[in-house]
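Data first, discussion second: the structure below is written as structure tokens.
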Amino acid sequence: MNTHASWPVAELHVHIEGTLETELLVTLARRNGVELPSYDPDALRELYRFTDLQSFLDIYYANLAVLRTEADFYDLGIAYLTRATAAGVRRAEIFFDPQTHLANGIPLDVVFAGLTRALTEARATLGISADLILCFLRHLGGAAALETLDAAIPYLDQFIGVGLDSAEVGFPPSLFTEVFAKAGALGLHRVAHAGEEGGPDYVHEALDLLGVERVDHGIRAIEDPHLIEHLRERQIPLTVCPLSNVCLRAVPELGVHPLPAMLAEGLLVTISSDDPAYFGGYVDDNLNAVQNEFALSPLQMATLARNSFRASFLPEAEKLRQI
Ligand code: HPA
Ligand code: ZN
């Protein structure tokens, strides 16, 4: 059954680097003379067997060595936006990890130029609304994040917010209070991954210390009744990525995912794909999977779709038009 396909949604949790399909990976590796373990897209996909977040991040960061030029970033961006439009995405708020590319010797100028060209073209030709959210890599620490934000100030018109991703446990939100305060003062939106592998205390910290408007993943919030109450009362959105959670073993299997409990608690839950090239599905596949697994009603599916626009950073008038 594929009843969701006609429902327009906003995708609020997708890493552009995680949309690098193995076919494009091979094309870019050949174009730039970068070595890969194989040049067969299917064989490369076979390597995507993860045991936890870090086992995924190791392969994900290694693959990103193929991204070298403005055209590479454009190709990556336009491929995602084209696929997302086909999946029903009408609004995309897209993460990117500038520190990974800087470490590979790629200047910010190249990254922004390619991604912004893709977004501008997609708005015009596909009619999709899309913006970028700059993520800090938590394993590199707070000082590196501050340096990255300072370096990105000349490009403030090309991204709408900041996020926090990479290895969670051991790198709590409290390490990033200064950079998030600065981002807030610059008028940027603030989100953070929390409660994916880290416990509910990481979600508390992201809310209290970083002032985030949305929590990415947040599935472990379900373990803390006080936190649930807080999230429900303030209707703080949680961008849940079910296929990602299964692939990275944040949950043992889809059947025991806390999504139904989160919905039953009245939380503002949205569904996204996270890193679709690695986790076996785009947002439509994620919606389809949870609909089938939990026999969600048309009303529940419509709630998920409506939540995605409510939780987006679209202007209020535009949200109402979409809902
Ligand atoms: N968690 C943390 N960092 C990430 C993820 C994720 O799911 N995807 C890409 N970077
Ligand atoms: Zn993510």
Which value in Å does the Kirkwood hydrodynamic radius of the chain take, with 1/r averaged over all unlike C-alpha pairs and then inverted?
-> 19.6
Amide H contacts under 5 Å for HIS189, placed H, 5+ residues apart | GLY161, VAL162
Where is the GNM fluctuation largest for the chain (alpha-carbon springs, 10 angstrom cutoff): LEU254, LEU12, LEU47?
-> LEU47
Charge sum, other residues only, whose C-beta stays under 14 Å from ILE323's C-beta, Lys/Arg counted +1 and Asp/Glu -1 | +4
Considering the chain as a Gaussian network with a 10 Å cut-off on Cα pairs, which listed residue, SER38, SER308, SER166, attains the greatest mean-square fluctuation?
-> SER38
What are the semi-axes of the equivalent ellipsoid for the range 25-178, taken as the square roots of 5 times the Cα gyration tensor eigenvalues, largest first, in whole Å?
-> 23, 22, 16
Can you tell me the equivalent ellipsoid semi-axes for the range 186-323? Use √(5λ) from the Cα gyration tensor, largest first, whole Å.
-> 21, 19, 15
So for the chain: antiparallel DSSP bridges make up what percent, rounded to the nearest 5?
-> 0
The range 179-240 pair-distance distribution - Cα-Cα, 10 Å bins, rounded % = 25, 56, 18, 1
Please report the relative contact order for the range 208-323, taking Cα pairs under 8 Å with a sequence separation of at least 6, and give it as a percent rounded to a whole number.
-> 23
Net charge dipole size for the range 4-117 [Lys, Arg +1 and Asp, Glu -1 on Cβ; Debye, nearest 20] | 320
Which peptide among 72-78, 127-133 comes first, and what is the full order, when sorted by highest mean count of other Cβ atoms within 10 Å?
-> 72-78, 127-133
So for PHE56, PHE171, fewest C-beta neighbours within 10 Å to most, what's the order?
-> PHE171, PHE56
With only alpha-carbon atoms counted, please give the Rg and Dmax of the range 98-228, in Å.
-> 15.5, 46
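Since every read-out is calculated from the coordinates, none of them should be taken as a lab result. It should be emphasised that the depicted structure is a prediction, and the values quoted were computed from it without experimental measurement. Every residue, glycine as well, gets a Cβ built from its backbone with ideal geometry; the counts of neighbours run over all protein chains shown.
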